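This report concerns only the one structure given below.
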Number of protein chains: 2
Amino acid sequence: MSKREGLMATIKEVAALAGVTPTTVSNVLRGRGRVGTETRERVLEAVAAKGYRPNLNARALVERRAPTLALMLGCITNPFYPEFTLQANNAARRHGRFLLVCNTDYEPDGGTGFLADVAGSLSDGILVANNGDLHIDELTAIQAAGTPVVISIWESPDISPGIPCVAFDSHKAGFIATEHLLDLGHHRIGALIGSAKNGIHGGRYRGFHDALRSRKVKHIQADARFVTDSYQGGFDAAVDLLKARPDLTALFVSNDLPALGALNAAATLGLRVPEDISIVSITNIELASQSRPALTTVAIPTAEMAEQSIDLLIKLGAGEMDVPAMIRTADPVLVRRASTAPVKK
Amino acid sequence: MSKREGLMATIKEVAALAGVTPTTVSNVLRGRGRVGTETRERVLEAVAAKGYRPNLNARALVERRAPTLALMLGCITNPFYPEFTLQANNAARRHGRFLLVCNTDYEPDGGTGFLADVAGSLSDGILVANNGDLHIDELTAIQAAGTPVVISIWESPDISPGIPCVAFDSHKAGFIATEHLLDLGHHRIGALIGSAKNGIHGGRYRGFHDALRSRKVKHIQADARFVTDSYQGGFDAAVDLLKARPDLTALFVSNDLPALGALNAAATLGLRVPEDISIVSITNIELASQSRPALTTVAIPTAEMAEQSIDLLIKLGAGEMDVPAMIRTADPVLVRRASTAPVKK
């Protein structure tokens, strides 16, 4: 059905047909150099006649530059990642690059298999969407071998991973979310954290903790659950926690996805949100505005992180020396919706 | 920060350090040929010492095969696409390929810009996720020039697009969903269709229509809305339709995303689902099981379509002649959840 011979059309054949040099063909196709209108049209006709397509692999070899950037992410079906991917994709396209999306979680050996194949050849830059499961040594080795690496969605602006990164203040996000509940008069606040205590959401949890402490509100370990960062993880843990601690009037959830699970868990238990229980979380994915009730959440700068990360990767790839080791993005911002209300007297 | 020189490590240098031929290095790295354990270890040590990475672009040139397959899709933030992408990605990885994900909707000229760059060089196969906006002429030209093209999620098993495709029976999906409502005693059924009447969801709409006709239930045009295939499109149209036609007892929605919007629209109007209004749709994305109430929907074979499409693309790329022009996947299946109930007397 397909004719592999078609691939063989070379730039020389196109040049011969158009009566120009291969350099002229190349200039026309890349919008470079000075080529008269007539010549340009003759070249484009010859390109069409031969079905010629410039070979990007060959171009990448010649220029020592591959036209793709690789985005390593946990799992594309976590709705945060498509939103981040879309922004990164648009930024990459503005720089004339394609984005190669790699789902590391579903490789038998995590990201390792991808990285070995991708770095330095298929892609000329690696953007790692931090999911708390980084192999820093491996990333450092790739960087040392000449392929720029940038870590994005880094949660701790005070700690450097030793690799260029784009960070947001996760501690502040947790602090702001919790302050909102305290301002509404809540003192019995449970916590659903989408990682281990010192895992990826550790900064968010410490922000929660410090906000309580700043108002001299006690937090006991029994009010916290460390759960899988998923809808189901949030649902199951919320059912468990709300049954075990019926005096809770609010939940701090470290991420929107488990918070959406917690919303449904409350309904399943016959609790009204926000009348019986307030729920606040962090991120502001699109679904947060579509749940019922819509979710109050602290928005993190997803689009800015994606754009800054791609820009940084491009600069590193161009050999720019004057680039920061860490870019700190704008502060998180509370988005008030319908899932939080003043505590009942 | 990065050392571009690192890229220069060649297979010859690795071979020299290990005291073997470049072919042996290549065999070790690719798991081909017979290489003794000791030699293998020496080669791997030399590879590590030199920081050598096989250049996939060079390999692709030599083999006339790029290691990526390109997936062209409408928009990664439509939650159907991440689910399809994940399955296609896993299938591609089983064949040793990477999946290059391309968001065509966000290119100024749709998919055209991508295809010109991708076909025949960056990728050795193009998988087009049908979003109703295909440029068949362009796909045919790419195919004729030697790059295999497969259209997936083709909605009309009776009509060939003239390009190898993987199809499901969208008419049957619409028919099954509507029969379910009829079986529950509904006769006043509105329709929210996520395309123009003869657009991408035309088959689903005709299935709805034919199911009504088979039971001699009248359908009037005023009970249908042709809307944007999105959460908000479904929300807005459902508000409009349910206000205009208060005697409706059920809604047939052609896709889960607008159906989730319709669920919230009903709640906004003070209508209980399913007590006051039943809602059924088509696809069965993950969110359909997480809404409140959970959505009754007709599941289409998403995973099967993704897998079959990648397999077909690989076969075409390998020059296999004995491949079908169209693969018809398993029939859609009703998934009963909580958004549908018998009509109130």
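The values are calculated or read from the model by the stated rules, or taken from the named source; none is laboratory data. What you are looking at is a predicted structure, and each value in this text was computed from that prediction instead of being measured. A quick note on method: Cβ atoms are made from the backbone with ideal geometry, for glycine too, and the neighbour counts reach across all protein chains shown.
Observations on the model:
- The strands (runs of 3 or more DSSP E) located wholly in region B:194-289 that include 2 or more residues which are of a type in the set (S, T, Y) occupy B:278-283.
- Picking from residues in region B:288-327 that are modelled with pLDDT under 95 and acidic (D, E), the one that is nearest to B:R97 (Cα to Cα) is B:E320.
- Residue ID - nearest to B:S170 (Cα to Cα), chosen from residues in region B:262-292 that are of a type outside the set (A, V, I, L, M) and within 10 Å of another protein chain (Cβ to nearest Cβ): B:E286
- Being over 26 Å from B:I310 (Cα atoms), under 22 Å from the mean Cα position of the chain (by Cα) and of a type in the set (G, A, S) holds for only one residue in B:G207, B:G162, and it is B:G207.
- The set of residues in region A:212-257 that are among the charged types (D, E, K, R) and on the phi < 0 side of the Ramachandran plot comprises A:R213, A:R215, A:K218, A:D223, A:R225, A:D229, A:D236, A:D240, A:K243, A:R245, A:D247, A:D256.
- Selection within region B:138-159 - within 18 Å of the chain's Cα centre (by Cα) and hydroxyl-bearing (S, T, Y): B:S152, B:S156
- Qualifying residue in region A:328-344 (condition: away from chain B (no Cβ under 11 Å) and modelled with pLDDT under 95): yes
- Selection of region A:268-322 for residues being among the hydrophobic types (A, V, I, L, M, F, W, C), over 24 Å from B:Y231 (Cα atoms) and over 21 Å from the mean Cα position of the chain (by Cα) yields A:L269, A:L271, A:I277, A:A318, A:M321.
- One residue from A:S230, A:S254, A:S170 being within 28 Å of A:A303 (Cβ to Cβ), surrounded by fewer than 20 Cβ atoms within 10 Å (Cβ to Cβ) and either within 14 Å of chain B (Cβ to nearest Cβ) or touching a Gly at 6+ places or on another chain (Cβ under 9 Å) (or both): A:S230
- Residue check, A:Q290 under 25 Å from B:A262 (Cβ atoms) and not small (G, A, S): yes
- In region B:130-156, the residues that are away from chain A (no Cβ under 11 Å) form Cβ pairs under 7 Å with partners that are part of a loop (DSSP other than H, G, I, E, B) and of a type in the set (S, T, Y), at six or more places apart or across chains, as follows: B:G132/B:S195.
- In this structure, B:F84 does not qualify as at pLDDT 65 or above, buried (at least 17 other Cβ atoms within 10 Å of the Cβ), within 11 Å of another protein chain (Cβ to nearest Cβ) and farther than 21 Å from B:I163 by Cβ.
- Among (1) more than 14 Å from every other protein chain (Cβ to nearest Cβ); (2) closer than 29 Å to B:C75 by Cβ; (3) among the β-branched types (V, I, T) - the single one B:T302 does not satisfy: (1)
- All of (1) surrounded by fewer than 18 Cβ atoms within 10 Å (Cβ to Cβ); (2) touching a strand residue (DSSP E or B) at 6+ places or on another chain (Cβ under 7 Å) hold for B:T296 with one exception: (1).
- Restricting attention to region A:268-279, the residues being of a type in the set (G, A, S) and surrounded by fewer than 24 Cβ atoms within 10 Å (Cβ to Cβ) number 1.
- Of the candidates B:I176, B:I153, B:I136, the single residue that is among the β-branched types (V, I, T), within 25 Å of B:P301 (Cα to Cα), crowded, with 19+ Cβ neighbours inside 10 Å and not assigned by TED's automatic domain parsing to the domain that holds B:L271 is B:I153.
- A single entry from A:I282, A:I314 fulfils the requirement of being crowded, with 18+ Cβ neighbours inside 10 Å, under 30 Å from A:C165 (Cα atoms) and not assigned by TED's automatic domain parsing to the domain that holds A:G146: A:I282.
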